[in-house]
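Engineer: Here it is, the structure in full.
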Amino acid sequence: MTSINISVEDKKMIIVEFLEKCNGYSDQMFDKYERQLLETGVDQQAVNKKIADWRVYKEFNAYAVNELKGTDLDDWFDEKI
């Protein structure tokens, strides 16, 4: 198998871009569930739980992005792909 030499910075950038896209999707989910809260007959507690879950997901991704922008995790990327 041929190995590809990708720099640590490029690897981190790929992951950061992916996580930022995930957070864009979570924004869409926030909008969806906030609209549902305006509907009658909706289980508001369940919808609020979904919103809270998406908020935690987005915060986790944002934390990971910040970690990747530093150098603490660079050792994780030393192996060749």
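Engineer: Would you please list the contacts, defined by Cβ atoms under 6 Å and residues six or more apart or on different chains, that run from a residue in the range 46-62 that is over 13 Å from Lys32 (Cα atoms) to a residue that is of a type in the set (Gly, Ala, Ser) and surrounded by 13 or more Cβ atoms within 10 Å (Cβ to Cβ)?
Structural biologist: These pairs meet every condition: Tyr57/Ser26; Lys58/Ser26.
Okay, residues lined up against (1) at pLDDT 95 or above; (2) of a type outside the set (Asp, Glu):
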position	(1), (2)
Ile4	no, yes
Asp10	no, no
Cys22	yes, yes
Gln45	yes, yes
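Engineer: Select from the range 7-30 the residues that are β-branched (Val, Ile, Thr) and surrounded by 14 or more Cβ atoms within 10 Å (Cβ to Cβ) and write down the one among them that is nearest to Thr71 (Cα to Cα).
Structural biologist: Step one: of the range 7-30, the residues β-branched (Val, Ile, Thr) are 8, 14-16.
If we keep only those that are surrounded by 14 or more Cβ atoms within 10 Å (Cβ to Cβ) as well, we get 8, 15-16.
Values: Val8: 10, Ile15: 14, Val16: 14 Å.
By that ranking, first place goes to Val8.
Engineer: How many residues does the range 31-81 contain that are of a type in the set (Ser, Thr, Tyr), more than 28 Å from Ile6 (Cα to Cα) and loosely packed, with under 12 Cβ neighbours inside 10 Å?
Structural biologist: Going through the range 31-81 one residue at a time, the tally reaches 1.
Engineer: Moving on. Could you give every pair whose Cβ atoms fall below 6 Å, whose first residue belongs to the range 1-28 and is within 19 Å of Asn61 (Cβ to Cβ), and whose second residue is surrounded by 12 or more Cβ atoms within 10 Å (Cβ to Cβ) and among the charged types (D, E, K, R), counting only separations of at least 6 or pairs across chains?
Structural biologist: Note: pairs meeting the criteria are Asn23/Lys58; Ser26/Lys58.
The values are calculated or read from the model by the stated rules, or taken from the named source; none is laboratory data. In this text, all values refer to a predicted model and were calculated from it rather than measured experimentally. Every residue, glycine among them, receives a Cβ derived from its backbone with ideal geometry; neighbour counts consider all protein chains shown.
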